[in-house]
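For reference, the structure discussed in these notes is given below.
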Amino acid sequence: MTEQESLIPILIVDDSQENLLVLEAVLRNPRYEIIEAHDGPEALEKVSQREFAVILLDVQMPGMNGYEVTKKIRELRTNISTPVIFVTAGMNESNLVQLGYEAGAVDYLFKPIEPVILRSKVSVFTNLYSIKKQNEKQAELLRIHDQEERDSFLESALDAVIGMNEEGRIIYWNRQAEIIFGWSKEEALGEKLATLVIPKYYRPEHELGLKNFLKYKTGPILNKRIEVMSLRRDGSEFPVELAVVAIKTNAHYTFSAFVRDISDRKREQMKIKTTEENLKKAIQARDEFISVCSHELKTPLTSMQIQFQLGAKMMKDGNEKVFERESVIKRIDIANKQLKRMGKLIDNMLEVSRIASGKLIIDRKEIDLFKLIHDLLDMYQEQLDYSHIDVNLISKIKSPVLIEGDSYRIEQVLSNLISNAIKYGENRPIDIVLDVSGESALISVRDHGLGIDQENIERIFDRYERAITASEISGLGLGLYISKQIVEAHHGHLRVESQKGQGSTFTVELPMHKEHTELSH
Ligand code: ADP
């Protein structure tokens, strides 16, 4: 507050300049600012411009007298309750005094002016005025403080706080709103809330909600937390938690919205949901695996059991045939076959648990791939002959194709691919091609059987996954999973190309032995 503003303004009104000078001389005080007016209209003009602590008004003035001036003063907002002291020459004019009070005067002074009385009367009102001003100042300071506190509270809120008026325009926009939505306070204020933060498809609902609220004073989204989609400056949408309250100020409503970005929470929820779903799937797959596994282990066991029961019965019955060489060999053969089958199943299961616990050990040595495939086919020869399946082994490379790897494991991979080609190849010929591309050796095993539909083609390399039901062709869905893990442990790739009913080609790509790479270049 400036020095000038803190002075106490007093208006003195008299048509005689002499009288004015007297009043001014008596009242002279550094705390007062004395303003003169020479008639009623001039007095009213001054009064309409500013507030006075007290007005000293000559009653007998030409034109507009003191009473009329006072009446008019009371109609002006600026000085509606400013005390007016009438200065009059007439002593004991009781009806005039009465008139003065009716007009709104608070006191009388009689001429000739008694300086002490004048000063003391005026000082009563100037003191009152000072106290009033001080109170107003304090109230203002308090209001500013409250407002600042509220603002800083809202500014530091972790939620975006947005204020909106009845027209749907933004009237408040805190710091967090700037961060979440990407619009600065300056840009947002005055804009339509709907255009800035509400996705297009929600806007009609928002407009209708606002209209209905103004009509019925109630709305479906008020005073609760809801989850909706919101819009960022860059046009991207994101989920928010929103709480809206309506506040009545004077005759109007304003709306405060508290908005929280819940993208992270939603992502977390999605992650948990996917993990739960994956877990459920894994448990389901494991249960299926256990049931298939038991079934697979049970089949060779039952077959052996029957053979032994039959043998025991023949012995008990004294049937000498049971001791005949041919019969004994046949039974041993069957038992061996079934034991081998069981052994393979158990190996597969062990292998899966080894891979899962990261204990797949690769024992690297030089391998001649052609020789390895050739020897492997020898092992399958009997089965192939029995099923009348032709296998063509073609090497497109003259020199030996050498890799560094674990021959037992690579054999496991190729053996899986070959037995699958036999299993799913509908007894049609199988082609095995050995080739070299860049620094890799390529072995492809091609059959002309069932093939795989595109929808399952990725899945078959996963654990326990099959593209066919156990009732069609038995299997555990582990072979390709194990094979892929082994190939990848050799820094290679296992791929498949296939079409339903058109057969399949599985290709193993393995990095070659350095020397060979150099030779083939
Ligand atoms: P399994 O043969 O025991 O089911 P695999 O992991 O070896 O397990 O194979 C997974 C699935 O991939 C098989 O169940 C089958 O649906 C499909 N599959 C594998 N090889 C072939 C193939 N040569 N032709 C058609 N489908 C195949």
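Coordinate-derived values only; no laboratory data. Keep in mind the model is a prediction, meaning the values are calculated, not measured. With ideal geometry, Cβ positions are generated from the backbone for all residues, glycine too; neighbour counts draw on all protein chains shown.
Quick notes on this one:
- For Ile362, net neighbour charge (Lys/Arg +1, Asp/Glu -1) across residues whose Cβ lies under 12 Å away: +1
- Note on region 448-513: semi-axes of the ellipsoid equivalent to its C-alpha gyration tensor, largest first and rounded to whole Å, are 22, 15, 9.
- Relative contact order %, the chain, counting alpha carbon pairs below 8 Å whose residues are six or more apart: 7
- Sparsely packed trypsin sites (Lys or Arg not before Pro) within region 198-259, loop by DSSP, other Cβ within 10 Å at most 10: Lys224
- Here the contact order of region 38-88, divided by its residue count and restricted to Cα pairs under 8 Å and six or more residues apart, works out to 48 percent.
- Ascending count of other beta-carbon atoms within 10 Å, so fewest first, for Leu141, Leu310: Leu141, Leu310
- Phi-based couplings in Hz for region 443-457 (Karplus 6.51, -1.76, 1.60; Gly and Pro marked x): 10, 10, 10, 10, 10, 10, x, 4, x, 10, 6, 4, 5, 9, 4
- Projecting the Cα atoms of Ile457, Leu128, Gly182 onto the charge dipole of the chain, computed from C-beta unit charges around the Cα centre, puts Ile457 farthest toward the positive end.
- Ellipticity at 222 nm from helices only: DSSP H runs of n ≥ 4 in the chain, each -39500 (n - 2.57), divided by the residue count, give -16000 deg cm²/dmol.
- Binning the alpha carbon pair distances of region 394-473 at 5 angstrom intervals from zero yields the distribution 3, 12, 18, 24, 19, 14, 8, 3, 1, expressed in whole percent.
- Loop-located trypsin sites (Lys or Arg not before Pro) in region 381-447 (DSSP state other than H, G, I, E, B) with a sparse environment of at most 15 neighbouring Cβ atoms within 10 Å: Lys396, Lys398.
- Taking Lys and Arg as +1 and Asp and Glu as -1, the other residues whose beta-carbon sits under 14 Å from that of Ile290 total 0.
- Of all lysines in the structure, those lying under 25 Å Cα to Cα from Lys330, and not within fewer than 8 positions of it along the same chain, are Lys298, Lys313, Lys316, Lys321, Lys340, Lys344, Lys423.
- Each 20 Å bin from 0 upward holds the following percent of the Cα-Cα pairs of the chain: 15, 21, 18, 16, 8, 12, 8, 2, 0.
- Region 135-284, relative contact order [Cα under 8 Å, separation at least 6], %: 20
- Qualifying GluC sites (Glu not before Pro) in region 374-434, where qualification requires a DSSP coil assignment and no more than 14 other C-beta atoms within 10 Å, comprise Glu426.
- In sequence order, region 201-207 has phi-based couplings of 5, 8, 4, x, 4, 5, 4 Hz under the Karplus curve 6.51 cos²θ - 1.76 cosθ + 1.60, θ = phi - 60°, and Gly or Pro positions carry x.
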